[in-house]
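The values are calculated or read from the model by the stated rules, or taken from the named source; none is laboratory data. Since the structure is predicted, the reported quantities are computational estimates derived from the model, not experimental observations. Here the Cβ positions follow ideal geometry from the backbone for every residue, glycine too, while neighbour counts run over all protein chains shown.
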Amino acid sequence: MPPAGIKPSFRDIMVKIGILGSGKGSNFAAILRAIHEGRLEAEVSLVLSDNPDAGILDLARNEGIPTGVIDEPAYRTRLSPEVESALARRLLEAGADLVVLAGYMRIVKNPLLEAFPRRIINIHPSLLPKFPGLSAWAQALEAGERETGCTVHYVDAGMDTGEIIAQERVPVLKGDTPETLHARIQEAEHRLLPGVLASLCSAVR
């Protein structure tokens, strides 16, 4: 069954994805590879970032994908209701069926959640509910975990608290540093996220 809130469409209509990101865009790049290789039948309709210098914007521009910068002067970890309402309108105007947080570093609140009920997903570098928040790989290493991984989950108003969709486990190796562990988790993210998106998009087409 399609996720709640997503209306099935005709098979010749491509599912449109809106992307929010704050950094280099490696997960966005993995999504683009999956689309180019035919593993993900979807179209990225818009890429927005709260960082005007983010690499994710350059990746999108090189693909000819519309981009925009989210200007939030008041807060660092979230958006004001007015700014987030405008963000939701831009995504709706771009025809986004799903919204993907790909390294987006702000907490999502009601204006966006109400516009896209159960249609926003996030990729997080831990096996949630363990180690929510920033630098989850370093948290796992400091805690002496033998394995960690990554999680794709629906987004709610909390910090990495939404319903889990899928996870991939990554072992913590002897001699791992935060950098080496993070790199292996990212490899897992680049497999997991496009696969989950392919399943979701198949369900709604």
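Which members of the stretch 92-108 meet the condition of being under 28 Å from Ser135 (Cβ atoms) and either hydrophobic (A, V, I, L, M, F, W, C) or loosely packed, with under 15 Cβ neighbours inside 10 Å (or both)? Write out each step before concluding.
Pass one, the stretch 92-108, residues under 28 Å from Ser135 (Cβ atoms): 98-108.
Matches in the stretch 92-108: Leu98, Val99, Val100, Leu101, Ala102, Met105, Ile107, Val108.
Taking first residues from the stretch 128-140 that are exposed (fewer than 14 other Cβ atoms within 10 Å of the Cβ) and partners that are of a type in the set (A, V, I, L, M), the Cβ contacts under 8 Å between residues at least 6 apart in sequence or on separate chains come to Gly133/Met159. Of all residues in the stretch 79-97, those that are farther than 10 Å from Leu112 by Cβ have Cβ atoms under 7 Å from Cβ atoms of residues that are of a type in the set (Gly, Ala, Ser) and not in a helix (DSSP H, G or I), 6 or more apart or on another chain, in Ser80/Ala74; Arg90/Gly68; Ala94/Gly18; Ala94/Ser45; Gly95/Ser45; Ala96/Gly18; Ala96/Ser45. Just one of the listed residues (Glu114, Glu163) is more than 17 Å from the chain's Cα centre (by Cα), at pLDDT 95 or above and within 20 Å of Leu20 (Cβ to Cβ), and it is Glu114.
Does the stretch 161-205 hold any residues that are among the charged types (D, E, K, R) and farther than 23 Å from Gly144 by Cα, and which are they? Glu163, Arg191, Arg205, listed by residue number. Checked against (1) assigned to a loop (DSSP other than H, G, I, E, B); (2) under 18 Å from the mean Cα position of the chain (by Cα), Leu173 passes all but condition (2).
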